[in-house]
Amino acid sequence: MFHGLDTWYFIRREWRFLLFGMLLTFWSSPGQTFVISIFSSHLRTDFDLSHGEFGALYTAATLLSAALLWKTGPLVDRFPLKYFVTKAALIMVGATALFSLVQGPVTLLLGIFVVRFMGQGMLNHIAITAMARRFEQQRGRALAIAGLGFPLSEAVFPPMVVLALGIFEWRHLWLIMAGLMALFLLPFLSRLIHHTPTQDGSGTPELVTLDEDAKSWTRAEMLRDPRFFMVALTAVAQSGIITGLFFHQVHIVSLKMWSLEWWSICFSIFAFFGILGNITAGFLVDHFSAHRIVPIVLLPLICALLLFGYSEHYLFAAIVMAILGFGSGMTHPALSALWPELYGTQHLGAIRSVATVVMVFGSALGPIFLGWAFDASVSFLMIASTAAGVAGICAVSARIALRAK
């Protein structure tokens with residue numbers, strides 16, 4: 001799809017750094033909702049929490065992680081990549097292991113906060129910032145390839161965790177995930193991040209001085225640009241709605257009277273179509289630019305929500321997850337490529353930290369609003385239809401913001 005040979009040569013030249021990005025996005029999974037939510041029934045039972053209470057706790061932890069990321073995100077601009085990513089990965093391993101020790105609502109709040117901040121927040125932020133900064137002509141495909149770690153983890157973790165919960169106590173699984181991360185992430189980081197002559201991004205330390213004529217916005221300048229907030233609603237809608245659905249997936253599946261085992265298998269379909277969406281967005285970005293692609297990335301989410309709300313037969317779960325996966329796969333590389341297009345790469349870490357905070361903030365809203373809706377006995381059809389309407393408004397906002405770009 002990417003003009004075959006050209007992409008093949010690109011991967012052969014840059015496979016180490018692309019693998020670096022994939023490893024970070026893959027191992028951000030213990031801090032992602034699609035993993036934590038699988039433990040939701042165990043956590044609510046052990047700590048006597050309702051849907052709304054657990055959603056509120058999860059939202060509070062996520063908002064705290066977003067607030068901290070606002071301050072720490074720009075550090076990726078200031079420290080050498082090798083130093084910074086090694087420290088971040090070590091903290092993520094420790095946080096995953098310590099999650100097994102939570103004893104009540106307070107420590108659960110702290111545990112979710114740390115794994116969310118380091119996983120969904122920092123590892124993701126480092127990986128995507130590094131890709132966008134090091135590549136320019138192939139930025140779209142670099143972001144797409146590095147982002148494959150997300151759908152791969154979505155294919156692997158849900159069915160494996162569901163299966164393992166039938167064998168192990170839930171606390172043991174967090175120790176197992178920490179051990180696997182220590183084995184398959186930490187030893188490889190320093191070997192994969194070396195700069196190569198063909199990495200043409202002007203934001204790399206070696207090339208930034210050669211790009212003096214390019215306009216690079218500071219974070220303060222970007223925050224005064226209304227386009228950012230109009231486009232950022234796309235990230236809020238995508239992350240908030242999907243996070244809310246996945247956070248309450250066990251309850252939603254029970255409402256639909258589908259089996260959790262079948263639903264966990266459908267995550268593999270979500271992941272496969274996420275890969276297709278990722279690759280498609282990378283191709284489109286490299287050929288048409290991100291500002292033309294971003295306004296359409298919410299359309300699959302809108303279609304999937306309407307189908308999800310109206311469908312009852314269990315086979316529709318596979319179709320819903322396919323459409324959700326494709327849209328989710330498109331969104332990440334499209335938005336990640338848009339920020340350097342709009343604001344340059346010199347301060348990309350600081351700028352992306354704001355974009356990541358917005359995404360994390362959006363992911364904090366979904367669980368609590370859906371939790372309140374379920375506690376109030378609002379029908380899932382009404383929830384899905386309302387969410388589709390919100391996504392439509394956000395898509396229109398992005399179209400208006402980028403039409404003059």
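Counting only helices (runs of 4 or more DSSP H) that sit wholly inside region 240-295, those with at least 2 residues that are under 22 Å from A146 (Cβ atoms) are 260-288, 290-293.
Scanning region 299-336 for residues that are of a type in the set (G, A, S), closer than 23 Å to S379 by Cβ, surrounded by fewer than 24 Cβ atoms within 10 Å (Cβ to Cβ) and without any contact (Cβ under 8 Å) to a residue 60 or more places away in the chain gives S311, A318. Applying the condition of being surrounded by fewer than 17 Cβ atoms within 10 Å (Cβ to Cβ) and basic (K, R) to region 72-125 and asking which residue is farthest from H347 (Cα to Cα) yields K87.
Residues that are in contact with a Leu (Cβ under 9 Å, 6 or more places away or on another chain), assigned to a helix (DSSP H, G or I) and within 22 Å of V294 (Cα to Cα) occur in region 366-375; there is at least one.
So, S268, is that one within 28 Å of T7 (Cα to Cα), of a type in the set (S, T, Y) and modelled with pLDDT under 90 or not? Answer is yes for this residue. Among the conditions (1) of a type in the set (V, I, T); (2) without any contact (Cβ under 8 Å) to a residue 60 or more places away in the chain; (3) within 29 Å of C266 (Cβ to Cβ), the only one that V106 does not satisfy is (3). Can you spot a residue in region 164-172 that is part of a helix (DSSP H, G or I) and either among the aromatic types (F, W, Y) or under 25 Å from L69 (Cβ atoms) (or both)? Yes - at least one qualifying residue is present in region 164-172. Listed by first and then second residue, the pairs with beta-carbon distance under 8 Å, at least 6 apart or on different chains, first residue in region 164-175 and more than 15 Å from I36 (Cα to Cα), second assigned to a helix (DSSP H, G or I) and hydrophobic (A, V, I, L, M, F, W, C), are F168/I176.
Within region 341-359, residues that are closer than 16 Å to M118 by Cα sit with their Cβ atoms under 6 Å from residues that are among the β-branched types (V, I, T), at 6+ positions apart or across chains, in these pairs: G349/V76; G349/T129; R352/T129. With the structure loaded, tell me whether V85 is within 23 Å of L57 (Cα to Cα) and more than 13 Å from the chain's Cα centre (by Cα) or whether it fails that test. When the stated conditions are applied, V85 does not pass them.
Can you tell me which residue within region 354-384, out of those that are buried (at least 16 other Cβ atoms within 10 Å of the Cβ) and of a type in the set (S, T, Y), is modelled with the lowest pLDDT?
Pass one, region 354-384, residues buried (at least 16 other Cβ atoms within 10 Å of the Cβ): 354-371, 373-374, 380, 383-384.
Next, only the ones that are of a type in the set (S, T, Y) stay: 356, 363.
Numbers: T356: 78, S363: 75.
Ranking the candidates gives S363 first.
Determine, yes or no, whether G282 is small (G, A, S), at pLDDT below 95 and closer than 21 Å to T33 by Cβ. Against the criterion (small (G, A, S), at pLDDT below 95 and closer than 21 Å to T33 by Cβ), G282 does not qualify.
The values are calculated or read from the model by the stated rules, or taken from the named source; none is laboratory data. If you're wondering where the values come from, they're calculated on a predicted model, not measured in any experiment. Cβ atoms come from the backbone with ideal geometry, glycine included; neighbour counts cover every protein chain shown.
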